[in-house]
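Below is one structure, written out as structure tokens; comments come after it.
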Amino acid sequence: MKSSEERIQFKRDFLSLGQGRIIPLQDVKFWSRFWKLPTKGQNIFELLSLEDVKNVRYQNVANYITFVQVLSLKIIEIAELEFLTNNDITSLLNCIRFLIKVLPPILELNDYADGIGFEIFWNSNFDVAEYFKLKEVELSDSEEDVNRCVSSDAVKVTLAFRLMMALVDLLYTKGFTLNTKEKGGVSLSVWEPGLGYAGKARAPNSIVDSNRMEVLKLIITLCSDGFYCAPSTIVSKGSRFLTVLVSLTPKMKLLTLVSSLLNLTCRSSKGSEENVLYYDNINLTETRHLCVTYAFSLLTMMVVYPIPSETGISGCKLHNMARGYLGKVHKESELSFIAASLMDILLSPLLVKDSESGSFTFGKNNQPSIWATNTVFFIWELIQCNKHFKDIISKNHMSQLMVILLYYIFEFKTSDNQKNLVRVCAYLFLYLSSQLNMLGTLFHPIPLKLYDSLPSSYKLAISPVTTRDFLVSQLCSLLLNSYPIQPPTYSFRPLPKLLLNTLIESLYNLIIPVSDQELKVHNNPSKKLNNPNSRGGLSYQASSLITQLISRFSSKSFLLEKSYHLNVVALLIRAVCIAVVKYPHPSRMLLFSILKNERVYDNLWSTIFNIQEYSVRGDSISRIDETETNERVIFADQTNGDTITQLQPIPILPRNTNDESSIISENESVESSLRPQPPPGMSDKARDKQRKDKPIGQIWSGKDALAIILTLIIPHLKRVLNTLWTGTRGASVDSFELVQKIENSDFSTMVEENRHQLKYELLPEAPLEQLKFEWSLLSLGWYLSLLYSEIYNASSQVKTYVGNNNGLIKNFSTSLATVSKITSSWTTFLKQEQPGKQSDEFTVQWVENGLTDVNTWQGTDIKLFDVSSASKDGFFASFNKFSGTTSQAVPNTPGGLNDMMRRFSDFNINGMSSSPVSSVLSTPIEEQESYFTRRPGRNSVTSLHSLNKLNRIRSNTPRNSFS
């Protein structure tokens with residue numbers, strides 16, 4: 001359709017579906033125009049607006065449903081052909097594009113799962129006219145909703161099963177998604193070498209990449225019904241299409257699919273000569289990136305997916321076989337290949353060009369890989385489902401993984417563009433820090449190659465002794481910088497509640513443990529306090545930073561600013577206390593730091609136990625004396641003495657008001673599901689047992705641990721050093737001599753003598769209990785909202801990422817010139833007789849025909865996450881229709897993570913602005929033209945959507961690691 005008249009007529013034909021006439025399924029003459037006439041994807045995605053599609057659905061839903069059926073049946077028909085013509089391939093692609101376009105408005109319907117969706121895809125006897133007659137009767141009878149099922153025997157004849165299997169076959173169709181001369185027929189050939197295939201990598205074919213991309217996008221769209229569930233219900237509802245894909249796909253097809261998706265992702269992690277991600281033509285580059293992105297997204301969806309208890313398919317027990325397959329991979333070579341490839345993706349911002357091998361990445365201080373967030377998801381899943389992979393990570397990659405996860409938090413904690421990455425990194429970091437059997441290598445010296453590769457801004461003033469020292473020091477530094485003594489006046493905001501708590505919990509997990517191996521060390525007198533410690537104990541630098549953090553958080557202004565700040569300090573004190581009581585000899589530097597900074601702990605005790613006028617009620621701090629409820633509070637900072645800090649009014653509840661603390665809000669419910677089980681005595685239940693108006697000084701959960709430090713630990717250290725330590729400044733005694741004296745002292749006697757004062761968890765024989773992230777239906781629903789929001793944003797993120805990096809990569813890499821010459825000789829299945837340059841032009845045109853800037857989910861009623869829209873008024877609004885950046889998925893997040901303010905640090909210091917994709921401001925077309933080839937204008941997609949908040953549901957059902 002080249003002329004405007006043809007396009008107008010085509011649009012009229014589509015809109016005619018909304019007229020009163022019911023068009024039968026068998027009217028091939030009418031339906032065939034929709035897959036014969038379009039010549040490129042823009043004729044479907046951009047010529048027809050979401051408003052057009054929704055109008056047809058609203059005006060004549062019967063024709064709309066029939067259209068979905070016709071498209072599905074046509075795809076199945078072509079997929080079963082043993083020989084494909086060019087016309088077949090064009091018709092197939094148009095059917096795929098149309099389904100991608102019209103499915104989201106069906107998926108958003110409230111009765112999709114057990115109503116219209118069930119009838120279209122899962123009822124093999126479905127008749128449109130009969131359905132609507134029965135529907136009228138049901139509405140008049142006000143029949144209650146019921147969960148509808150299809151038997152395991154009948155499922156294989158349903159339209160849904162046949163369509164999903166046809167799409168899987170189309171990913172392995174010769175001459176379409178496999179680069180062969182013949183066209184048609186299925187060949188289960190793994191796309192790339194790696195898992196399940198040990199061949200040699202072949203040069204990619206851009207047309208094949210484009211076709212794969214479109215099939216993958218349709219599979220993802222079919223499985224995206226979770227977008228229209230609340231996070232609290234997505235796990236229990238599941239997705240029937242995704243259930244079929246991971247549990248009912250024939251074994252060999254499923255193994256081939258999983259291997260292909262994984263190997264393509266792994267290849268894309270390599271150096272530029274191997275991954276062939278960048279071309280001279282930006283559309284080819286974009287297509288290659290989209291193909292990899294959709295492949296990795298689908299793979300992650302499949303592996304993460306928890307089979308719900310009610311699958312909608314009766315008569316058999318279903319399991320996630322994709323997860324099961326990856327859980328059984330055991331060959332060390334394959335596991336090492338997977339682990340190394342995934343780590344390469346995460347480490348890309350830290351690595352520099354290797355002059356010997358010629359490979360390169362973006363260099364220091366650059367943005368993460370576009371697949372970094374999915375990689376973190378995927379690593380987490382593999383660690384949980386494959387014990388051999390977990391061992392590989394523990395032995396070979398644990399230091400790298402922990403350092404890079406913390407780097408992403410450190411570097412991008414205030415970046416709007418990387419919110420999802422920061423969130424999932426923080427939780428994986430917490431999860432890993434709780435796995436004692438994985439922490440062994442952290443107590444060894446930090447690998448020099450890894451430390452040297454870090455940006456200077458991420459290095460420490462003094463080189464760390466062990467990886468654990470580095471992590472603890474950086475966590476403390478990050479927290480100290482986030483809560484300066486005198487906050488700057490411009491746009492300063494502390495860390496969001498959930499992120500602060502997660503970092504403190506991770507710090508708690510890292511302060512206490514030591515290696516279960518002896519790890520004997522040689523004390524070098526010349527190194528003094530820089531000497532390593534037995535069993536990988538904390539260094540003096542890390543110990544000093546812990547003390548400094550406790551000092552910073554001990555001010556009365558900090559403690560009373562938010563109720564959870566009290567728990568933050570309590571956790572730190574508890575971690576220090578457990579570390580020195582359970583492991584005194586490896587903790588010699590920490591003990592010395594405690595003794596040297598005794599005043600910090602004295603000040604904290606004095607500050608806490610002088611707070612007699614306030615109590616904690618729910619999540620707020622209340623003045624016990626109700627007559628002072630409106631008072632603005634001014635405190636002297638106890639730690640720093642002479643500075644006066646004026647706070648915002650503390651939330652105050654009068655003593656006699658109705659106590660509503662037992663009512664759990666939606667955000668509180670989600671937040672609670674994302675928090676580990678607190679240590680004994682620090683839970684909400686323990687706090688609620690206290691009298692409501694009891695002063696903070698009497699109920700603070702850290703008082704026992706602080707008392708032990710002040711009344712047992714410090715006095716014991718003074719007795720040990722009674723002839724050497726006076727505590728006076730400027731003492732001539734060598735500090736390392738004191739440390740050695742502390743190490744050689746008899747702590748076991750002190751513990752036995754005071755055993756009655758120590759709680760069980762402090763005793764040496766008690767098992768060490770870490771703070772563990774635990775799965776529930778609600779936390780898993782929130783986790784899925786992060787993953788699915790990445791899928792929603794995929795196309796716009798790729799566009800911006802490719803636009804920003806395509807020219808840079810080509811300039812850096814001399815190998816692309818060679819690759820360009822190679823591509824000119826590639827044979828494609830549609831070259832026909834067109835030689836040389838003409839065939840290249842054909843490839844470019846084919847690829848461009850498959851690209852679109854339209855996000856087909858945008859404008860539909862998404863409930864799983866919020867969608868922030870670009871400005872719809874003013875100067876930028878007129879450019880929205882030319883840009884794919886008009887909306888961005890933002891997962892619902894308690895504790896204020898979504899409220900993180902964009903600061904000056906969000907802008908590149910060299911003058912380049914942050915990525916326009918993730919910004920809520922639309923990008924002017926003048927900026928885009930330097931990156932993107934101009935495409936025809938199109939109707940803008942409307943509009944702001946209704947945003948549903950998280951349901952008030954909390955389940956303690958643990959996640960099944962297999963299904």
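The values are calculated or read from the model by the stated rules, or taken from the named source; none is laboratory data. Small disclaimer: the values here were computed from a predicted structure and weren't measured. Glycine also receives a Cβ, built like all others from the backbone with ideal geometry; neighbour counts cover every protein chain displayed. Note: areas computed on protein heavy atoms with side chains; ligands, DNA, RNA excluded. Shrake-Rupley method; radii C 1.70, N 1.55, O 1.52, S 1.80 Å.
Mind counting the residues in the stretch 494-548 that are among the acidic types (Asp, Glu) and either under 19 Å from LEU432 (Cα atoms) or open to solvent by less than 50 Å² (accessible area, probe 1.4 Å) (or both)?
Summing the residues that are among the acidic types (Asp, Glu) and either under 19 Å from LEU432 (Cα atoms) or open to solvent by less than 50 Å² (accessible area, probe 1.4 Å) (or both) in the stretch 494-548 gives 2.
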- Query: Quick one: what pairs do we get from the stretch 282-303, first residue over 21 Å from ILE379 (Cβ atoms) and open to solvent by less than 10 Å² (accessible area, probe 1.4 Å), second in a helix (DSSP H, G or I) and of a type in the set (Ser, Thr, Tyr), C-beta under 6 Å, 6+ apart or different chains?
  - Reply: THR287/SER210
- Query: Within the stretch 321-331, can one find any residue that is open to solvent by 20 Å² or more (accessible area, probe 1.4 Å), part of a helix (DSSP H, G or I), within 13 Å of THR265 (Cβ to Cβ) and in contact (Cβ under 8 Å) with a residue 60 or more places away in the chain?
  - Reply: no
- Query: Which number in (1) assigned to a helix (DSSP H, G or I); (2) on the phi > 0 side of the Ramachandran plot; (3) out of contact with any Pro (no Cβ under 7 Å at 6 or more places or on another chain) marks the one condition that LEU519 misses?
  - Reply: (1)
- Task: Determine the pairs where a residue that is farther than 26 Å from VAL854 by Cα, located within the stretch 102-122, has a partner that is part of a helix (DSSP H, G or I) and open to solvent by less than 10 Å² (accessible area, probe 1.4 Å) with Cβ atoms under 6 Å apart, the partner being 6 or more residues away or on another chain.
- Result: TRP122/ALA160
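Restricting to helices (runs of 4 or more DSSP H) lying wholly in the stretch 722-803: which have 3 or more residues that are outside the structural domain of SER526 (by the TED database)?
Values: elements: 735-743, 747-753, 777-792.
Here the list reads 777-792.
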- Message: Whether any residue in the stretch 512-520 is touching a residue at least 60 places away in the same chain (Cβ under 8 Å), out of contact with any Lys or Arg (no Cβ under 8 Å at 6 or more places or on another chain) and closer than 30 Å to SER555 by Cα is what I want to check.
- Response: yes
- Message: Please go through the stretch 432-466 and give me each residue that is polar (S, T, N, Q) and more than 20 Å from SER348 (Cβ to Cβ), ordered by number.
- Response: SER433, SER434, GLN435, ASN437, THR441, SER463, THR466
- Looking at (1) open to solvent by 10 Å² or more (accessible area, probe 1.4 Å); (2) assigned to a loop (DSSP other than H, G, I, E, B); (3) closer than 19 Å to LEU780 by Cα, which is the only condition PRO231 fails? (1)
- Note on the structure: Flagged in the stretch 11-43 as open to solvent by less than 80 Å² (accessible area, probe 1.4 Å) and charged (D, E, K, R), in numbering order, are LYS11, ASP13, ASP27, ARG33, LYS40
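Working carefully through the options SER506, SER551, SER557, SER544, find the one that is part of a helix (DSSP H, G or I), in contact with a strand residue (DSSP E or B) (Cβ under 6 Å, 6 or more places away or on another chain) and at negative phi. Don't jump to the end; show me each part of the working.
Working: SER506 fails: in contact with a strand residue (DSSP E or B) (Cβ under 6 Å, 6 or more places away or on another chain); SER551 fails: in contact with a strand residue (DSSP E or B) (Cβ under 6 Å, 6 or more places away or on another chain); SER544 fails: in contact with a strand residue (DSSP E or B) (Cβ under 6 Å, 6 or more places away or on another chain).
When all the criteria are applied, what remains is SER557.
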- Regarding SER32, is this residue over 27 Å from ASP169 (Cβ atoms) and in the same structural domain as PHE98 (by the TED database)? no
- Looking only at the stretch 61-102, count how many residues are closer than 20 Å to GLN19 by Cα and aliphatic (A, V, I, L, M). 7
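Conditions (1) under 21 Å from LEU216 (Cβ atoms); (2) more than 21 Å from the chain's Cα centre (by Cα); (3) open to solvent by 10 Å² or more (accessible area, probe 1.4 Å), marked per residue:
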position	(1), (2), (3)
VAL235	no, no, yes
VAL246	yes, yes, no
PRO250	yes, yes, yes
LEU254	yes, yes, no
VAL258	yes, no, no
LEU262	yes, no, no
GLY271	no, yes, yes
GLU274	no, yes, yes
TYR278	yes, yes, yes
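Hey, among the residues in the stretch 186-228 that are of a type outside the set (Val, Ile, Thr) and assigned to a strand (DSSP E or B), which one's most open to solvent (accessible area, probe 1.4 Å)?
Quick first cut of the stretch 186-228, residues of a type outside the set (Val, Ile, Thr) only: 187-189, 191-206, 209-214, 216-218, 222-228.
From the residues that got through so far, the ones that are assigned to a strand (DSSP E or B) too are 194, 197.
Numbers: GLY194: 24, TYR197: 71 Å².
Only one residue fits best here, namely TYR197.
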- Can you run down the residue pairs with Cβ atoms below 6 Å, 6 or more apart or on separate chains, where the first is in the stretch 526-545 and in the same structural domain as THR467 (by the TED database) and the partner is buried (at least 18 other Cβ atoms within 10 Å of the Cβ) and modelled with pLDDT under 90? ARG535/LEU519; GLY536/LEU519
- Across the stretch 587-619, the tally of residues that are open to solvent by 10 Å² or more (accessible area, probe 1.4 Å) and either outside the structural domain of ILE709 (by the TED database) or of a type outside the set (Ser, Thr, Tyr) (or both) stands at 16
- Enumerate the pairs (first residue in the stretch 438-449 and β-branched (Val, Ile, Thr); second residue anywhere and crowded, with 17+ Cβ neighbours inside 10 Å and assigned to a strand (DSSP E or B)) with beta-carbon separation below 7 Å, excluding pairs fewer than 6 apart on the same chain, so at least 6 apart or on different chains. ILE446/THR466
